[in-house]
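This report concerns only the one structure given below.
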Amino acid sequence: MNTDKTIKSALISVFSKEGLEPIVRELHAQNVTIYSTGGTETFIKDLGIDVVPVEDVTSYPSILGGRVKTLHPKVFGGILNRQNNESDVTELEEFNIPQIDLVIVDLYPFEKTVASGASNQDIIEKIDIGGISLIRAAAKNYADVVCVSSVDDYAEFLELLQTKKGETSEADRKRFAAKAFNVSSHYDSAIFNYFNQDLDIPALKVSETKGKVLRYGENPHQKGFFYGDFDAMFTQLNGKELSYNNLLDVDAAVNLMDEFKNDAPTFAILKHNNACGLAQRDTLHQAYVDALAGDPVSAFGGVLIANKEIDLATAEEIHQLFCEVVIAPGFTAEAEELLKGKKNRILLVQNDAELAQTHVRTCLNGVLVQDRNNVSDTKEGTETKTDKAPTDAELDDLIFASKICKHTKSNTIVLTKNKQLCASGTGQTSRVDALNQAIHKAQSFNFDLKGAVMASDAFFPFPDCVEIADNAGITAVIQPGGSIKDQLSIDYCNEHGLAMVFTGTRHFKH
């Protein structure tokens, strides 16, 4: 059975007219009858092309300030009729309903209106009713009707129209129908999320209309996909396609460096989502050198990120290291040229784009959702709990360590000195193990921990950690506090001359 159809009539009602003209001219050239209304009708007339007003079909004008234009049986009957159904065909003839073979719609820009900070009334007026109804009707009846549901699909449809001279296969129409339901479901999700900002209704609507297939997932035997607008976040200057694991590391790097966005030159090196090197210095070059010193072994194959433009001197150091990704707000021309010397090295310029404010992850047979951890510890927010207060330099280091700790896998202990990450214990099942791991690692890279500081993502239930830290030479501690046995750690610090501050904020990261 031949399911090909030839477009003989079209209903066009769009918000964005960009890219529409060549489609209209091609339809006219193929003797397609065009129906339209409102601004789209005017646009087509101004091209000098004949157009039938929808009002001539329905015998009703556009009413309620344009809120009701196409919502009429003579419009939807022309779209929803089944051309192989004898009863439907008879009813079309009986009620003088024209057959519509093509529907082109571009919806009111609801999301852009919300993002613009418009008033609630303006936002409500940008909830498209007629357009979304036309999309659903045409997509449902893809057996007979082509539905072009977004300005993003104009070019593809125009090519089809020109190549096949107005003829479409069922596969063509079904593909456009799938695109249409993607548009309509995303649109409705955005509207629901606007109305449910207070989360009164316990329902989750997540919709991403942009995505790409990755080479594979976390491992080669797993499929992998990324859904989101990566190009809004980064401009890629060089290198291969990012992998699933690359993207996780890049996400960790960007969130970590966001803590130091407006600070002095800061450089971080990450491996498996955790910082293995991080330093803040007067120059980016020195920040990189000292970040690398934190763990030059783990840095191999890592992800590098800077909070300042990467210059040639820094690039020359980086070029000596095998690394997967380098991220920065920019690269000088000389630095970019040098770093492009390794064709697979991924260079990303980070654009000024907002980070996701909601974290979503699968759990059991559902999902877990939480707000992004936007709380960062500050000097003003600390409370000294010991007789000895930290010096100004120690307090600066404590806040520095706390920011790193916040972005390190729990259980974690972070050791820093002079705005340099000495070592961290990451993802351990006990805080004592995390501390011992950090001390061992720091010492293996020849760090002198005398005068270093310690940060913990959660409270100390016993004084064992402060005792171990004291014996290693650590002089100041930052932790959330909150244990019923906090006083044991405070007493030890007082007896041995350590300073300790509480933040009141836990920073678990699982």
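Summary of values
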quantity	calculated
Cα gyration tensor category, rounded, prolate or oblate, for region 1-72 with a/c compared to 1.5	oblate
Stokes-Einstein D (µm²/s) once Rh is taken as the Kirkwood radius of the chain over alpha-carbon pairs, at 25 °C in 0.890 mPa s	91 µm²/s
Loop sites in region 265-338: chymotrypsin sites (Phe, Trp or Tyr not before Pro), DSSP, at most 15 other Cβ within 10 Å	Phe300, Phe322
Members of Lys223/Lys308; Lys112/Lys406; Lys212/Lys343 lying beyond 28 Å, as alpha-carbon distances in this model show	Lys223/Lys308; Lys112/Lys406
Heavy-atom accessible area order for Ser456, Ser87, largest first, 1.4 Å probe	Ser87, Ser456
Exposure ranking of Leu421, Leu92 by accessible area [1.4 Å probe, largest first]	Leu92, Leu421
Projected label distance in nm at Lys340 and Gln30, using a 7 Å step from Cα toward the beta-carbon	4.2 nm
Local electrostatic count at Glu324 - Lys and Arg +1, Asp and Glu -1, tallied over other residues with Cβ under 14 Å	+3
Helix 154-163 axis, angle to the chain major axis (alpha carbon atoms, nearest 10°)	50 degrees
Lysines whose Cα lies under 24 Å from that of Lys165, excluding same-chain neighbours fewer than 8 positions away	Lys5, Lys8, Lys17, Lys45, Lys140, Lys174, Lys179
Helical contribution to [θ] at 222 nm, DSSP H n ≥ 4, -39,500 (n - 2.57), averaged over the chain, rounded to 500	-11000 deg cm²/dmol
Part-to-part distance (alpha-carbon centres) for region 96-147 and region 452-501, which is given in Å	61 Å
Over region 23-110, equivalent-ellipsoid semi-axes from the Cα gyration tensor in Å	23, 18, 12
For region 325-453, convex hull of alpha carbons as volume per residue, Å³	215 Å³
Per DSSP, loop GluC sites (Glu not before Pro) in region 266-355 with at most 13 further Cβ within 10 Å	Glu354
Local electrostatic count, Leu435, Cβ distance below 14 Å [Lys/Arg +1, Asp/Glu -1]	-3
Aspartates and glutamates whose Cα lies under 18 Å from that of Lys210, excluding same-chain neighbours fewer than 8 positions away	Asp106, Glu111, Asp152, Asp153, Glu156, Asp188, Asp229, Asp231, Glu241, Asp251, Glu354
Environment charge at Pro463 (Cβ cut-off 15 Å; Lys +1, Arg +1, Asp -1, Glu -1)	-3
Estimated FRET transfer efficiency when R0 is 35 angstrom, pair Thr429-Val206 (beta carbons, to 0.05)	0.65
P(r) weight above 19 Å for region 104-211, C-alpha pairs, percent	51 percent
Over region 201-358: Kirkwood hydrodynamic radius from C-alpha pairwise inverse distances, Å	16.1 Å
Rounded to 10°, Cα long-axis angle of helix 244-257 versus longest principal axis of the chain	60 degrees
Amide H contacts of Cys323 (H built 1.01 Å from N, under 5 Å, at least 5 apart or other chain)	Gly301
Cleavage-rule hits (GluC sites (Glu not before Pro)) in region 31-137: DSSP loop, at most 12 neighbouring Cβ within 10 angstrom	none
Packing-based order for 424-431, 138-145, using average beta carbon neighbours within 10 Å, highest first	138-145, 424-431
Whichever aspartates and glutamates have a C-alpha closer than 16 Å to that of Lys441, once near sequence neighbours (fewer than 8 apart) are set aside	Asp290, Asp295, Asp433
Packing rank of 341-351, 211-221, 251-261, where each peptide gets the mean count of other beta carbons within 10 Å, highest leading	251-261, 341-351, 211-221
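The values are calculated or read from the model by the stated rules, or taken from the named source; none is laboratory data. Everything quoted here is computed from the prediction, not taken from an experiment. Cβ: placed from backbone, ideal geometry, glycine included. Neighbour counts: every protein chain shown. Note: areas computed on protein heavy atoms with side chains; ligands, DNA, RNA excluded. Shrake-Rupley method; radii C 1.70, N 1.55, O 1.52, S 1.80 Å.
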